[in-house]
1. Quick check on residue A:47: is it away from every other protein chain (no Cβ under 14 Å), part of a strand (DSSP E or B) and on the phi < 0 side of the Ramachandran plot?
2. Could we say that residue A:106 is within 28 Å of residue B:160 (Cα to Cα) and either touching an Asp or Glu at 6+ places or on another chain (Cβ under 7 Å) or within 14 Å of another protein chain (Cβ to nearest Cβ) (or both) here?
3. Consider segment B:132-149. How many of its residues are within 18 Å of the chain's Cα centre (by Cα), within 7 Å of another protein chain (Cβ to nearest Cβ) and surrounded by fewer than 23 Cβ atoms within 10 Å (Cβ to Cβ)?
4. Scan segment A:212-220 and give yes if some residue there is facing another protein chain (nearest Cβ under 8 Å), modelled with pLDDT of 95 or more and at negative phi, otherwise no.
5. Looking at (1) closer than 23 Å to residue A:581 by Cα; (2) outside any strand (DSSP E or B), find the lone condition where residue A:182 falls short.
6. Could you run through segment A:524-553 and say how many residues are at pLDDT 95 or above and out of contact with any strand residue (DSSP E or B) (no Cβ under 8 Å at 6 or more places or on another chain)?
7. Kindly establish whether residue A:330 is touching an Asp or Glu at 6+ places or on another chain (Cβ under 8 Å) and surrounded by fewer than 18 Cβ atoms within 10 Å (Cβ to Cβ).
8. Looking only at helices (runs of 4 or more DSSP H) that lie completely in segment B:527-596, which have at least 1 residues being in contact (Cβ under 8 Å) with a residue 40 or more places away in the chain and more than 10 Å from chain A (Cβ to nearest Cβ)?
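The values are calculated or read from the model by the stated rules, or taken from the named source; none is laboratory data. Since the model is a prediction, treat every value here as computed from it, not as a measurement. Because the Cβ atoms are built from the backbone with ideal geometry, glycine has one as well, and the counts that use them run over all protein chains shown.
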2 protein chains.
Amino acid sequence: MSEQRQLSGHLRESHIGQQVKLKGWVQKRRDLGGLIFVDLRDRSGVVQVVFNPEVSEEALNIAEKVRTEYVVEIDGEVVARQAGTTNDNLETGKIEIMAQHISILNKSKNPPFLIQDESDTSEELRLKYRYLDLRRKPLQETFKLRHKATQAIRTFLNNDDFLEMETPLLTKSTPEGARDYLVPSRVHEGAFYALPQSPQLFKQLIMMSGFEKYYQIARCFRDEDLRADRQPEFTQIDIETSFMTKDDIMDMTERMMKHLLKEVKGMDLPTPFPRMKYDEAMERYGSDKPDTRFDLELVNVSEIVQHSGFKVFAGAIESGGSVSSINVKGKAADFSRKDIDKLTDFVKIYGAKGLAWLKADNGELQGPIAKFINDEESTSLRHALQVEDGDLLLFVADKTAIVQESLGALRQKLGKELQLIDENAFNFLWVTDWPLFEYDEELDRYFAAHHPFTMPEREDVEKMTDKPYEARAQAYDIVLNGYELGGGSLRIYEKELQDKMFEVLGFTKEEAQNQFGFLLEALELGAPPHGGIALGLDRLVMLLAGRSNLRDTILFPKTASASCLLTEAPDYVSESQLHELHLELGEKAKEKRQEL
Amino acid sequence: MSEQRQLSGHLRESHIGQQVKLKGWVQKRRDLGGLIFVDLRDRSGVVQVVFNPEVSEEALNIAEKVRTEYVVEIDGEVVARQAGTTNDNLETGKIEIMAQHISILNKSKNPPFLIQDESDTSEELRLKYRYLDLRRKPLQETFKLRHKATQAIRTFLNNDDFLEMETPLLTKSTPEGARDYLVPSRVHEGAFYALPQSPQLFKQLIMMSGFEKYYQIARCFRDEDLRADRQPEFTQIDIETSFMTKDDIMDMTERMMKHLLKEVKGMDLPTPFPRMKYDEAMERYGSDKPDTRFDLELVNVSEIVQHSGFKVFAGAIESGGSVSSINVKGKAADFSRKDIDKLTDFVKIYGAKGLAWLKADNGELQGPIAKFINDEESTSLRHALQVEDGDLLLFVADKTAIVQESLGALRQKLGKELQLIDENAFNFLWVTDWPLFEYDEELDRYFAAHHPFTMPEREDVEKMTDKPYEARAQAYDIVLNGYELGGGSLRIYEKELQDKMFEVLGFTKEEAQNQFGFLLEALELGAPPHGGIALGLDRLVMLLAGRSNLRDTILFPKTASASCLLTEAPDYVSESQLHELHLELGEKAKEKRQEL
């Protein structure tokens, strides 16, 4: 008998005649004509094992006892399957194992759901039994891909002279940004650590430490209300460099992605990636992360319709807004009035007051608003939107932000529904020239659009105080198929500029000192020019694996309420644990706890 | 002028005549005979730059303004140093840069300490300005080595078909073991996550998920009172496998270490590593992590002296204890009575009541207790301890645990002080056959010596309830130069055995269910036989780098009171942050907070 264990999924016709020892899980058992057939599964795949009383009565008797998901060890011989019984769906389908011995390593109760490629079991049950769900081939493949992608990125960065370095997870809370997860200190009564939202400050300090090229596959934490594509802890490819320009960093990132796609998908990715300014992305795609796999672009027709007899158009422009349109090529006949009403309801989600439309037929624009459009306007629209007979034109007239957001969302929806998207494409895009600040109307203050350490364009430094809304950042986002894959920037490395930034953001000198004093001091002790980028690994893997659920790419994910259904974390802890941490529960939390 | 930046430390005679662009830090500036000399430092090393008014008056004028740690960009030509001015201590010492241009990228205040290889600055100040300390060459080298070691380990494991996988950091608190760091939940009022002390349960679940070979360079957390060689967060090389035997896992680990030492130290490590049972390690070295780089072994002389006229010896044995001795070869003359008194004080730290001694001279054993030792005992001792003239024998008689611990510590101390240790050796050792349980006298209960998931030796399963103190674990520790580098075990994969283990540890069925219900259920759904190992990366790097302080191997370490002196974490947080987390500070913590 063979001593060394073989992997089931690797057996082929070339192994016929060999003795093998296999270990794995019983995927399926069938009894047929006095024989027993077992599909044996391990990490490499599945092979069929046959128990024949003429080979071993004893093995057959034991095989009779095995059930789905039993863990077994099998000795046998690789034999060719009989003509007509080969299975082309299985990589091992030309052979089978004639079993001589079997031993049961561990039993299994009947699992709550079957381990098969496609599962219609509820996600809740699958998350509770995550270890069963993970035995399914599509998830096994996803985590092999995740491994491969991670190593490809490491190999690239290692060869490019980067050092992988670990930054602390017990750090200081910096309220600017998202909400921190806090960790009470036992030693320092009443004080808390925070889990990092990103290693931002530490990677800048690493540059100030003279390492020049740093990366980390870094765990990050955000205590936010979760959407489908967010997790409380996530992983980012975190990179920082000294003395490199924006172009250097974007070029390095492109080479990294090229290497990754080659390693993981065998694809030759064309570089350089297209670059688009933020303003252009918003104008043409109504999105700061355009999906460029399909057209259906927004066209700003404000100039054409600014004096239109259609008061909704003229009025929007008069109040400082704009009018944009998308041309749904050749689909006029496919959209009934009722269909368009549904689209109107859709854009209203984004604050649009309505959706105007025109259909091109017989060289004319038709529809309820056609009568307000004069000949000159009609000609200009047809030209600007490259209208042909059979086209459907959709318009939103409103504040520009609403026009862009609503039409951008509508574009995405139509692209998907009309199947305009090439699902095999990997369209990378840089979005550059970001605004430095975002204005919060409610709080009447400016926030850093990126983060407070982002370097403004040199020529916009004056604007930071005069016209903050016009100041541009030396920042760049990398977009893949309409997802924000990551982003980065050059950082401020001069003390005076950082002071000015905090001032614009409304920090008093004391607040800036309390929260970021160590950084401000470091800027005065030989801080090099530096910048970097961070890319979301979970999302990257999701896109590479062609999946749409971020939870499929995280080994033990949490639900939308940040719970782990498997381990039931978070959970209540003992009074003595709280006491040691100098904490008491608030009244309501106390009651909740006592209800149990 | 050269467009592409070169690295200072890489320049050699072969570059003479080339134009270069350098960027980096001013290590030192000297003015000499109308010239200015700047030592320019970057991540690659240091090169000398010369400013000569005959080459560029302008550059000289700017160079006059630069100070230590200024960040500068320099264009110049690589030239040979004049005879007599070469510097053999510097890799670039045969050349220098004749500067044509210099620009100041950033200024620096006078740093609080100089960036030089050896520093006598207090560790406190160095930690506060960690980014300056990290610019020092020995620390730069340590983190390059850490990077290299990490990648070597990954390469080995990737080639051995392991998958790198990420386990959650927001997990469930399991009070068994060390103290958890807790993270309050905002969504689930009164509930807490815990940061993992290790990914133990998750890596077992990964085996139950069918991945078979997992690894992770994993961050772990323990809220313990810190000793010099502990940190609240640390990194371990975490490995788990299915279907492998103890020997398979130890063999794989040895191959990994062999690969690592080859890559990082260029060393051929002999394998297999020696193996020693726990009992033998305690008996011969008085330690469960023996430093085998030197002898000075403990010899149990209980049988020889059990009827000794020296009542301290006979008495200890009569009350169930023992007597052991170490022979300090040829050092009798070096230890005065006063010296030996000091050693006596030392062993008292470990609970020994005293230290008996004998010196061998003229074929006789001499010293205050010599008169109680009869001829037969003397001959036997001389034989057992291989005594020659000039040897010093040191004895402890006590409970066996005290004998072993105190003499083990004394052995280590003498080994160091007498310089018996080969500092260049890397002595690996496996310690096997560990006790399954530890008995806590105070609490009168058994604890898991390793953790509650450790598989007992099959033949000791009965003993778990009958004679727990005799039950052995299928566990193994890997020891390097007297440090516990890591440890592992086979795990329990059968529900009944795991139930039994929790029972011995004093868990009620309900407690076991509440804390580990998900694991118990997974054991009944096709859990494969599995086991693994975890190695401390920080300590491994410390030993590879030949350093003695764990903080030197962690980029941003914490102090013994778990503070970060650089960022001043942990820190107080706002009332609203606490409120959102449904927490109130305890009375004392509130007062502490208000004092600020």
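1. Details: away from every other protein chain (no Cβ under 14 Å): yes; part of a strand (DSSP E or B): yes; on the phi < 0 side of the Ramachandran plot: yes.
Yes.
2. Values: within 28 Å of residue B:160 (Cα to Cα): yes; either touching an Asp or Glu at 6+ places or on another chain (Cβ under 7 Å) or within 14 Å of another protein chain (Cβ to nearest Cβ) (or both): yes.
In short, yes.
3. Count: 2.
4. Here is the first cut: in segment A:212-220, the ones facing another protein chain (nearest Cβ under 8 Å) are A:212-213, A:219.
Add one more test, that the residue is modelled with pLDDT of 95 or more, and what stays is A:212-213, A:219.
Adding the requirement that they be at negative phi leaves A:213, A:219.
Yes, segment A:212-220 contains at least one residue that is facing another protein chain (nearest Cβ under 8 Å), modelled with pLDDT of 95 or more and at negative phi.
5. Every condition holds for residue A:182 apart from (2).
6. Within segment A:524-553, the subset at pLDDT 95 or above is A:524-545, A:553.
After this cut, where a residue has to be out of contact with any strand residue (DSSP E or B) (no Cβ under 8 Å at 6 or more places or on another chain) as well, the list is A:541-542, A:544-545, A:553.
Here the count works out to 5.
7. On the way: touching an Asp or Glu at 6+ places or on another chain (Cβ under 8 Å): yes; surrounded by fewer than 18 Cβ atoms within 10 Å (Cβ to Cβ): yes.
The answer is yes for residue A:330.
8. Numbers: elements: B:537-544, B:575-580, B:587-594.
Once the helices (runs of 4 or more DSSP H) in segment B:527-596 are filtered for at least 1 residues that are in contact (Cβ under 8 Å) with a residue 40 or more places away in the chain and more than 10 Å from chain A (Cβ to nearest Cβ), what remains is B:537-544.
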